[in-house]
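S.K.: What follows is a single structure, and I will ask about it in a moment.
The values are calculated or read from the model by the stated rules, or taken from the named source; none is laboratory data. All values reported here derive from a predicted model rather than from experimental measurement. Cβ: placed from backbone, ideal geometry, glycine included. Neighbour counts: every protein chain shown.
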Protein chains: 2
Amino acid sequence: MKIVVDMMGADLGVLPIIEGVSKALSTQVFKPVLVGDAKKAKAFISKDLVSKVEIIDCTDYIRMDEQATDALKRKESSIFVGMEILKNNGADALVSAGHSGATMGLATLRLGRIKGVSRPALCTLMPSVGQRPSLCLDVGANTDCKAEYLLDFAILGYEYAKNVLGYENPTVGLLSNGEEDSKGNLITKEAFKLIKEYPLFCVDKDSPPIFKGNVEGSDIFVNSVDVVVCDGFVGNVLLKTTEGVASAIAGIFKNTIKGSFGAKMGAFLLKDAFSLLKQKTDYAEYGGAPLLGVNKVVIISHGKSNARAVECAIYQAIKAKESGVAEKIALAFDHKKNEGSTTQDPSA
Amino acid sequence: MKIVVDMMGADLGVLPIIEGVSKALSTQVFKPVLVGDAKKAKAFISKDLVSKVEIIDCTDYIRMDEQATDALKRKESSIFVGMEILKNNGADALVSAGHSGATMGLATLRLGRIKGVSRPALCTLMPSVGQRPSLCLDVGANTDCKAEYLLDFAILGYEYAKNVLGYENPTVGLLSNGEEDSKGNLITKEAFKLIKEYPLFCVDKDSPPIFKGNVEGSDIFVNSVDVVVCDGFVGNVLLKTTEGVASAIAGIFKNTIKGSFGAKMGAFLLKDAFSLLKQKTDYAEYGGAPLLGVNKVVIISHGKSNARAVECAIYQAIKAKESGVAEKIALAFDHKKNEGSTTQDPSA
């Protein structure tokens, strides 16, 4: 298994990326193809590591303040070079913590969408108090969505939950402004009908339903459903809000603990709760966000990824490739076409 | 000052409403007009309280599972009766923890919109680690919005922050999927331009800007801006997500503390942090949500309101009435019309 790792454009520079690769190599067998500034990288790569990696030198990259659309013209940039390696079967998956818009754009245009998928979607595991975190998509690839896109996201998420996360009988919910069937905006109301009637989600009467209807923002952290479907604008707000609340609460504790010895003792005695909390809300542990619906495995990591986040994103890439999720998604969309769903094939 | 309090349709029944009224009466001078089942209410009203309140008996109310549109035909329902009292100047404000859709619909149709306001918006204070919590609107009155509505929400929120909350130089942000000016969906991108160019928000070059552009979900809890503008679908997701994350985190602590004596000790030593956290994330403390843009003061409380929430909602109603916010909003929209803003008067 070969995995392209984009070393460029991440907020914390090259070091955490090399460290993450190194950690992943200590537990998994794969060949990292490191794309980026070879000189910078070599300063951080140990003698032991150098024999285990392949380095493709290129110094250009898409800066965070540049337009995603620039990426298509920048053929010398790390993400373009890396994507071409993946496209030409020089690797099995790609991980990048660089400009996410550039990565999504290039993946969609250079690797291509799986036949029948209207729009690829960015998919992420949400922090959760339960054992089976919810998967949420789209969290940023498509800011303006049609109802049919949301149906496709439901299928993409369902296949990922089943095949990559190994969830038995995954359930699907549509993010809305209330649980009642009548709730929603114009697009989610239309999507509700499409998802409800879609054959994949119509099980026999005796089985529990796969599509659980509308869910609310608060349902996500208690695992009411496994797959939460929304447009990329709402999904991004959801993700950032979650980060914001968790970090604001952590801030309250930090400030109190800093000021008093008694509170420090208290924090020590509550260390199990704090460590569980850290684990449950630490994005690094959840890895990156797979871009589902493109023809290969692409994992988009947080721009602020630390070594642990890069390491987890690599594990995710390996798992996604091994599970054959892209092929399973292709099969699901082939069925969609053949079953003559009410939605048109938007790639036609 | 007379305040109509709807006693019906709340999740926890009549008792917390009576208790909330009683508590508010112990600190503020006002006359509560309690609308609802008089027999039920009298069972909870003390001898001392009975002389201080006016009770309007009506037993019908809009159940949570009924359609908001039913409210207009149900002239005997508590919310219809209460709204008519307010409309006919029999009271200065109304507080309800019943069916929020019914209250919003009746307020809009019976009290009427302030001239020039395209859509009234539901407005709420968000939990915050800072001293000056952010105000967020719309959080549920309008699931599908045009860009012009969002401009109106910005004006409504700005006036409320300035006049009712007493914020000096309040700032405004547009909730989006990134901070850069280029971020947003089709509607927020259009709204961005309208708000940026709107005269009220165009201060001279030497003053700090009022409109701070796009903000993200995570900005809300650190008070990056005072007024956060979004459509009612996104606002509802934001609100529920915040509740969900805070309650999931509280759940982690509760479970740990339940299981061990040491953890109980730890929680005791950290009691300052926990009480601050409770205070910052307890919706009861923030009162209800004013419906801004209608001709009178209407406060919509959470269906699950406890006595403290009802009490705080009454304080909010008193403050809103005393500040003359409805009149100030009317003035702001009168200016809007006269300044020949690029937006058409949608009430025309």
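S.K.: Give the number of residues within the stretch B:203-222 that are surrounded by 17 or more Cβ atoms within 10 Å (Cβ to Cβ) and either touching a residue at least 24 places away in the same chain (Cβ under 8 Å) or not assigned by the TED database to the domain that holds B:Pro133 (or both).
M.R.: The qualifying residues number 11.
S.K.: How many residues, within the stretch A:216-242, are facing chain B (nearest Cβ under 8 Å), over 17 Å from the mean Cα position of the chain (by Cα) and small (Gly, Ala, Ser)?
M.R.: Qualifying residue count, the stretch A:216-242: 2.
S.K.: Given the residues A:Asp70, A:Asp48, A:Asp144, which is the only one that is within 14 Å of chain B (Cβ to nearest Cβ) and farther than 20 Å from A:Val298 by Cβ?
M.R.: It is A:Asp144.
S.K.: Run A:Thr171 past the list (1) closer than 30 Å to B:Met64 by Cα; (2) surrounded by fewer than 20 Cβ atoms within 10 Å (Cβ to Cβ); (3) of a type in the set (Ser, Thr, Tyr); (4) more than 14 Å from chain B (Cβ to nearest Cβ) and report the number of the one that doesn't hold.
M.R.: Only one criterion in (1) closer than 30 Å to B:Met64 by Cα; (2) surrounded by fewer than 20 Cβ atoms within 10 Å (Cβ to Cβ); (3) of a type in the set (Ser, Thr, Tyr); (4) more than 14 Å from chain B (Cβ to nearest Cβ) is unmet by A:Thr171, namely (2).
S.K.: Is there any pair linking a residue in the stretch A:268-289 that is more than 9 Å from chain B (Cβ to nearest Cβ) and surrounded by 22 or more Cβ atoms within 10 Å (Cβ to Cβ) to one that is part of a loop (DSSP other than H, G, I, E, B) and at pLDDT below 75, with Cβ under 7 Å and at least six apart or on different chains, and which?
M.R.: none
S.K.: Mind checking which pairs have a first residue in the stretch B:186-202 that is within 16 Å of B:Val225 (Cα to Cα) and a second that is among the aromatic types (Phe, Trp, Tyr) and modelled with pLDDT under 95, Cβ under 9 Å, 6 or more apart or different chains?
M.R.: If the second residue must be among the aromatic types (Phe, Trp, Tyr) and modelled with pLDDT under 95, the pairs left are B:Ile195/B:Phe201.
S.K.: Let me ask another. Of B:Leu135, B:Leu151, which residue is away from chain A (no Cβ under 14 Å) and closer than 21 Å to A:Asp144 by Cβ?
M.R.: Being away from chain A (no Cβ under 14 Å) and closer than 21 Å to A:Asp144 by Cβ holds for just one of B:Leu135, B:Leu151, which is B:Leu151.
S.K.: Let me ask another. Any idea which of (1) modelled with pLDDT under 95; (2) surrounded by fewer than 18 Cβ atoms within 10 Å (Cβ to Cβ); (3) not basic (Lys, Arg) is the one A:Glu190 doesn't satisfy?
M.R.: (1)
S.K.: Moving on. Within the stretch A:284-301, how many residues turn out to be touching a Ser or Thr at 6+ places or on another chain (Cβ under 8 Å) and part of a strand (DSSP E or B)?
M.R.: Residues that pass the stated criteria total 6.
S.K.: Go through (1) within 14 Å of chain B (Cβ to nearest Cβ); (2) more than 23 Å from A:Gly101 (Cα to Cα); (3) surrounded by 15 or more Cβ atoms within 10 Å (Cβ to Cβ) for A:Lys319 and report which single condition fails.
M.R.: (1)
S.K.: Give me the helices (runs of 4 or more DSSP H) completely within the stretch A:13-85, filtered to those with at least 3 residues that are modelled with pLDDT under 95 and in the same structural domain as A:Ser301 (by the TED database), ordered by residue number.
M.R.: A:38-44, A:47-50
S.K.: Residues that are under 14 Å from the mean Cα position of the chain (by Cα): which strands (runs of 3 or more DSSP E) entirely in the stretch B:92-176 hold 1 or more of them?
M.R.: Answer list for the stretch B:92-176: B:93-96, B:121-125, B:135-137.
S.K.: Out of (1) more than 23 Å from the chain's Cα centre (by Cα); (2) modelled with pLDDT under 85, what's the single condition that is false for B:Leu277?
M.R.: Going through the list (1) more than 23 Å from the chain's Cα centre (by Cα); (2) modelled with pLDDT under 85, B:Leu277 breaks only (1).
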